[in-house]
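All remarks here apply to the structure that follows.
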Amino acid sequence: MGKPKPKQQPSEKYTSKSVGVIKVDAKDARLVMAHMYVAFIALFLGGAAGLLQVLVRSGLFELPKPFGYYQILTIHGVLLGLILTTYFIMGFQVAAVSRTSGALSDNQRLISWIGFWMMTIGTVMSASMVLLNEASVLYTFYAPLQAHWIYYLGLALVIVGSWIDSMGHCLRWEQWRKENPNQTTPLISFMAVCNSLLWFVATLGVAIEVVFLLLPWALGFVDRVNVLLTRTLFWYFGHALVYFWLLPAYMVWYCVIPKIIGGKLFSDGLARLAFIMFVLFSIPVGVHHQLTEPGIAGSWKFLQVVLTMMVVIPSMITAFSMFATFEMRGRELGAKGLFSWLRRMPWGDARFFAPFVGMVAFVPGGAGGIINASYQMNQVIHNTIWVTGHFHLTVATTVILTFFGAAYWLIPHLTGRTLTKQLNRLGIIQAICWAIGMAIMSFSMHFEGLIGAPRRSTFSDYGGAEIAKTWASYQVAEAVGGTFLFIGIVLFLYIFVNLCLFAPIGEEEFPIAEVAPQAEKTPSILENFKVWIVVLVALILIAYTFPIYDIVQNSPLGSKGFKLW
Ligand code: HAS
């Protein structure tokens, strides 16, 4: 018997019409770089606010007047959690689609530019209000904290702008589909479309909250607001937001990392299945952020806890796929033992090293998430600084280190420069600095949270209470960790500026992996968005109709005849 025939090589199909498309089109590159500039300016300002914050929390530093702790915390959360991420992701997705499905048409690119400028005008409006201390409401903008109406209008523009921005690359993917009937679409383009769909459906909740509840209230058209309703609409969006951050990192893990290590993607079908599962289960789970809130029945909370456990599965699939990819490559290079593949990885390559550190961080980060989602255990950690530790491991390590690793090939690819040996070495030092800083800061936060320290508070808030003394040493450790992280940001920005302006002119590859020849055929149902949108809408209706009906019926603003909106 001869060797079994390879079942399918979807990667060959990706390139059927776009065989020559190995570079991002120059006009698309300009669009992507515009996103990157805003993203990394936000990184600098938001990172500086983060440093101030850990110093203030620990009592080592007092903010000069007129700055306040909540103002700095808002700058930090909005710039890093909302602006850096949204701009990087939109830009990255344009690049990924342009690279694998072909250049955007002039109209598609114009649509994206319009979205980009709307987002930017909105960002400037909201940021100005925060700087003027008119919107110190944190990135969650929980009512009854109220911001200036310009802040909310700015946020609305960012949201609507992001819809228009993402439309450009989604239309390009649709065009590829029409030009290549009955073919599996390029994996990373498909993933970008999944993420844009997830983003669109999730942001509907926060758009309704901002436009119909918070804005009229801030403008004085109504004198009250339904607090529970605003929080529920926020978290309808808020948990999907975290997967909107995570999925581009997964795009890099599935589609780019195998190529960087010289291997192949383990399975195209499994990768698509994971992304479809994220589309389905990211949204109907937001109530797990409200497990301690009155006004939502325990049974609905329980349902959303179960659905939260469903959204863990695609991350397990991803962990499995990544281990399989690494192992396959390690074995090709002669590795024999259970973990000896680890030794065969390209540890000296910052494009691999930074995302890999991010993957390792996701093991405790994900485990922490499962603890958070476990209904009873949530009572222990909710509103403690444990939660801050959790999201610094997930978004601020797993996701951001992958973005940094991606920037090391994406930026020179777009600017026509190369990642030199020195910059590559600096990238590795940067990732090590980040890992040390985050290990110190995030683990201190976890332990401090377990002994009851609240989040969103400073040392002076405790007014010398005895219990606060037991938290003090952790807070100093957090300040030390935070200082390492700020150094990490400065190092990254140094590399970024070099890759934009000073690195030698040359060709840097946008790596896209092929699928392993033994991979199973990708089922076409996975690309049938009509089916998935129906399932998604059904899940959202099941998870949210009754809780929202209950809130509207039973919360004081609804039942006593006050205006609801
Ligand atoms: Fe979370 C709170 C539950 C994932 C971010 N989360 C937050 C907040 C943020 C956030 C920002 O249920 C705070 C919001 C606020 O301001 O209040 N989270 C989860 C669960 C998961 C999860 C179940 N979170 C994330 C990700 C985030 C993120 C991802 C950002 C990107 N989270 C919660 C809950 C709360 C919460 C509650 C509310 C808490 C409260 O009460 O306030 C899951 O998706 C996690 C699944 C992940 C895994 C890990 C798989 C591991 C992989 C790595 C493979 C490694 C390799 C290399 C291959 C199961 C894929 C390893 C090599 C070696 C050598 C080891």
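The values are calculated or read from the model by the stated rules, or taken from the named source; none is laboratory data. The structure presented is a predicted model; accordingly, all values stated were derived computationally and were not measured. Using ideal geometry, Cβ is built from the backbone for each residue, glycine included, and neighbour counts are taken over all protein chains shown. For the accessible areas, the whole protein counts, side chains as well, though only heavy atoms, and no ligand, DNA or RNA atoms are used. Shrake-Rupley method; radii C 1.70, N 1.55, O 1.52, S 1.80 Å.
If you average the C-alpha positions of the stretch 464-497 and of the stretch 508-532 separately, how far apart do those two centres end up, in angstrom? Each part reduced to its Cα centre gives a spacing of 41 Å. Distance from the alpha carbon centroid of the stretch 175-213 to that of the stretch 220-238 works out to 26 angstrom.
Set the Cα radius of gyration of the stretch 208-365 against 2.2 N^0.38 Å, with N its number of residues, and you get 1.38.
What is the dipole size for the stretch 405-480, taken about its Cα centre, with +1 at each Lys and Arg Cβ and -1 at each Asp and Glu Cβ, in debye to the nearest 20? Approximately 460 debye in magnitude. Based on alpha-carbon centroids, what's the gap between the stretch 244-277 and the stretch 125-166 in Å, whole number please? Centre-to-centre (Cα) distance: 33 Å.
Restricting the calculation to alpha carbons of the stretch 32-109 gives Rg and Dmax of 17.2, 54 angstrom.
Percent of C-alpha pairs per 10 Å bin in the chain, short distances first: 4, 17, 28, 29, 16, 5, 1, 0, 0. Per-residue packing, averaged as other Cβ atoms within 10 Å, sorts the ranges 103-114, 42-53 into the order 42-53, 103-114, beginning with the highest. Residues in the stretch 517-527 carry Karplus couplings, in order, of x, 7, 5, 5, 5, 6, x, 5, 4, 5, 9 Hz; the curve used is 6.51 cos²θ - 1.76 cosθ + 1.60 with θ = phi - 60°, and Gly or Pro positions show x. Per-peptide packing, taken as the mean over residues of other Cβ atoms within 10 Å, places 23-31, 89-97, 280-288 in the sequence 89-97, 280-288, 23-31 from highest down.
When the accessible area of the stretch 474-555 is computed with all protein chains present and a 1.4 Å probe, what percentage of it is carbon and sulfur? Exposed carbon and sulfur together represent 72 percent of the surface.
What you get for the chain, charging only the Cβ of Lys and Arg (+1) and of Asp and Glu (-1), is a dipole of about 1080 debye around the Cα centre. Could you estimate the translational diffusion coefficient of the stretch 168-234 from the Stokes-Einstein equation, with Rh from the Kirkwood formula over C-alpha pairs, at 25 °C and 0.890 mPa s, in whole µm²/s? Reported coefficient: 169 µm²/s. With the convex hull drawn over the C-alpha atoms of the stretch 316-448, the volume per residue is 132 Å³. Here the accessible area of the stretch 164-286 is 65 percent carbon and sulfur, with a 1.4 angstrom probe and all protein chains present. For the chain, complete DSSP H runs whose alpha carbons reach 30 Å or more along their own long axis and whose mean Kyte-Doolittle score is -1.0 or higher are 26-57, 106-131, 149-179, 187-208, 227-251, 298-332, 350-373, 421-450, 466-497, 529-554.
In the chain, a dipole from Cβ-located charges (positive for Lys and Arg, negative for Asp and Glu) runs towards its positive end, and of W347, L426, T388 it is W347 whose Cα lies farthest in that direction.
Computed over protein heavy atoms with a 1.4 Å probe, the accessible surface of the chain works out to 40 Å² per residue. Projecting the Cα atoms of L273, I313, G298 onto the charge dipole of the stretch 263-335 (Cβ charges, centred on the Cα centre) puts L273 farthest toward the positive pole.
Among residues other than Q146 with Cβ under 12 Å from its Cβ, the summed charge is -1 (Lys and Arg +1, Asp and Glu -1). For the stretch 94-140, the percent of C-alpha pairs falling in each 10 Å distance bin, counted from 0 to the bin holding the largest distance, reads 23, 32, 22, 20, 4.
Checking the a/c ratio against 1.5 first, then a/b against b/c, what shape does the Cα gyration tensor give for the stretch 39-84? Prolate, because a/c is 1.5 or more and a/b exceeds b/c. The residue among A192, S524, T458 whose Cα reaches farthest toward the positive pole of the charge dipole of the chain, with charges on the beta-carbon of Lys, Arg, Asp and Glu, is S524.
Filter the chymotrypsin sites (Phe, Trp or Tyr not before Pro) in the stretch 181-221 down to the DSSP loop ones having no more than 14 other Cβ atoms within 10 Å, then list what survives. Qualifying residues, ordered by number: F221. Our analysis of the stretch 123-262 gives Rg over Rh at 1.09, with the two radii drawn from alpha carbon positions and Rh computed by the Kirkwood formula.
For a paramagnetic label modelled on T483 (point 7 Å from Cα along Cα→Cβ), amide N atoms under 20 Å away belong, within the stretch 59-89, to 59-64.
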